Amino acid sequence: MKNFSVVVFLCILLYVCTISCENQENSSNRQVYNPSRRVTLSSFHPQEGRIAEKMLLDGDNFGSDPSIIRVYFNDKPASVLSSTGGRIYALCPRMPGDECVISVVVGNDSVVYDEKFTYHVSVSVSTVAGNGIETFRAGNLADAQLRPSHLTVDNENNIFVALRQNVPQRGLARINEGENVMIPLLLDGTLITPNALCVDRNTGIIYIPCESGREIFYTMDPREGWAPRRRSFTWRNLNGNALPSNSWKHSMGFCYLEGYEGIYTRFFDGQIVRIDPRTYEADIISMSPNGTCVGVTFHPLRPELLYIAGRSGGMSQGIYVFDVRNPDDPPRRLNPAGRGHRDGDISVALFDNPWQIYFDPYGYLYIADADNHCIRRMRPDNFVETVVGIPGTAGWRDGGRDEALFDAPMGVGVDKDGTVYVADWNNNRIRKLAME
């Protein structure tokens with residue numbers, strides 16, 4: 001028994017010594033960030049990838065405490081998992097941009113890699129509501145039927161849809177995926193012909209342009225259960241311009257720029273109009289060529305810039321930009337005249353009946369390119385690309401970027417997180433683009 005106790009004691013002593021040595025070794029290998037030395041970068045791997053790509057960032061003087069290390073892909077923070085002092089292990093964030101500058105921040109040091117990381121977007125298209133039949137039917141989304149023309153999405157992920165099919169199917173509806181429901185808000189084609197609607201993200205109020213009367217539009221306030229209310233604005237300042245000769249207001253957008261806040265719309269005759277959301281007084285702030293423009297939207301990072309998509313007349317097949325601070329400068333066309341499908345810089349890009357347009361929170365402009373049966377987008381560097389859909393091929397199919405098909409998509413909206421929703425007109429469906 002005595003010998004056994006001695007053996008047990010020696011085993012415990014050996015184990016303690018082993019653990020102590022390992023701790024001392026780990027302690028000696030632990031590198032601490034030295035604020036008196038500069039953080040330097042050498043290389044990173046891989047050079048391209050997708051969301052959650054495992055990244056190895058090499059350099060020196062990172063320290064081995066990941067809690068003090070910040071890594072950014074453009075302005076998107078990456079998850080930092082560990083560091084050896086000379087190598088950081090991180091995960092690529094979601095949709096940081098197509099070309100990414102990778103920066104590392106430790107203490108007061110902020111350094112940037114010379115090379116850029118190429119981010120590859122993965123797109124998957126699914127159907128939210130609709131089964132191909134245009135006759136409206138409310139209820140759970142699996143059984144819902146509709147013919148959607150335009151849409152917008154609020155901060156609570158409610159999808160508000162404009163319905164332009166024949167009376168009495170014309171009106172407005174709300175879709176909520178979490179609640180698994182589509183609810184009619186107004187179905188009366190004798191009162192309203194809704195066009196491309198928008199949301200004020202600060203109040204949640206939905207604004208709907210219509211063709212029922214020159215000064216008529218509709219609002220839906222969440223505090224009132226989104227009950228549609230018929231509104232009428234009054235003219236305050238024409239700035240020497242003639243009043244519109246018809247009632248065609250095809251789209252609305254909301255501006256948050258201080259001093260210029262309000263609802264903006266454009267008439268077929270070319271008048272660009274600002275409506276005060278408190279008094280419903282309207283000013284004609286500028287003129288543009290006549291024609292149908294179903295898309296107006298404001299740049300989220302440059303709130304002074306109003307973008308307009310033209311379908312016909314003097315603005316046919318054009319993407320325009322207008323600075324609301326400089327009303328004497330008319331909207332400027334960004335792409336050449338003509339219709340077709342061509343990606344590339346906006347200065348050479350071609351479209352075929354662009355309808356509703358909408359920005360995501362990061363400055364990407366999404367375009368429902370109806371007669372090309374595609375969803376296009378203009379990146380912050382003004383490069384136009386086809387996100388999903390096969391140019392010139394109409395059809396219905398969910399799936400990835402190389403599989404999904406659309407048939408005359410007329411509406412596009414983006415939620416606060418960047419998820420894109422599409423009103424797929426001829427397919428009688430609401431589609432969703434999951435982009436990573």
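Any read-out appearing in this document is the output of simple, stated calculations on the displayed coordinates, not a laboratory observation. Everything numeric here is computed off the predicted structure, so don't read it as measured data. Every residue, glycine among them, receives a Cβ derived from its backbone with ideal geometry; neighbour counts consider all protein chains shown.
Averaging 1/r over every pair of different alpha carbons in the chain and inverting the result gives a Kirkwood radius of 24.2 Å. On the beta carbon distance between residue 94 and residue 280, with R0 = 30 Å, the FRET formula returns roughly 0.15. As a length-normalised measure over Cα pairs under 8 Å and 6 or more apart, the relative contact order of the chain settles at 11 percent.
Extension gain, residue 227 to residue 50: 0.36 nm times the residue separation minus the Cα-Cα distance gives 59.5 nm. In order along the range 264-271, the phi-based Karplus estimate (6.51 cos²θ - 1.76 cosθ + 1.60, θ = phi - 60°) of 3J(HN,Hα) comes to 10, 9, 9, 8, 4, 6, x, 5 Hz; Gly and Pro are listed as x. Does anyone have the angle between helix 2-29 and the longest principal axis of the chain? Alpha-carbon axes, 0 to 90°, nearest 10? Once rounded, the angle reads 50 degrees.
Rounded to the nearest 20, the Cβ-based charge dipole of the chain about its Cα centre (Lys and Arg +1, Asp and Glu -1) stands at 500 debye.
Would you mind counting up the charge near residue 282? Only other residues with Cβ under 13 Å from its Cβ, with Lys and Arg at +1 and Asp and Glu at -1.
Details: positive: 214, 231, 236, 249, 266, 274, 278; negative: 215, 276, 281, 283.
Every neighbour counted, the sum reads +3.
The spacing between the range 86-139 and the range 157-210, judged by their C-alpha centroids, is 30 Å. For the range 280-293, 3J(HN,Hα) computed residue by residue from phi via the Karplus equation (6.51, -1.76, 1.60; θ = phi - 60°) reads 6, 8, 10, 10, 7, 9, 6, 10, 9, x, 6, x, 7, 10 Hz, glycine and proline entered as x. Result for the chain in a Gaussian network model with C-alpha springs under 10 Å: among 145, 31, 356, the largest mean-square fluctuation is at 31.
Selection among 162, 340, 120 by position relative to the dipole of the chain gives 162 as farthest towards the positive end (Cβ unit charges, Cα centre). Just grab the label-to-label distance for residue 176 and residue 328, each label 7 Å out from Cα along the Cβ direction, in nm (one decimal). Simple spin-label model gives 5.0 nm for this pair.
Among residues other than residue 186 whose Cβ falls under 11 Å from its Cβ, what is the net charge (Lys/Arg +1, Asp/Glu -1)? So the surrounding residues net to +3.
Could you work out how much longer the chain between residue 82 and residue 381 gets when fully extended? Use 0.36 nm per residue separation minus the Cα distance between them, nm to one decimal. If you can, show how the numbers build up before the last one.
On the way: separation 299, 0.36 × 299 = 107.64 nm, distance 3.31 nm.
Contour length minus Cα-Cα distance gives 104.3 nm.
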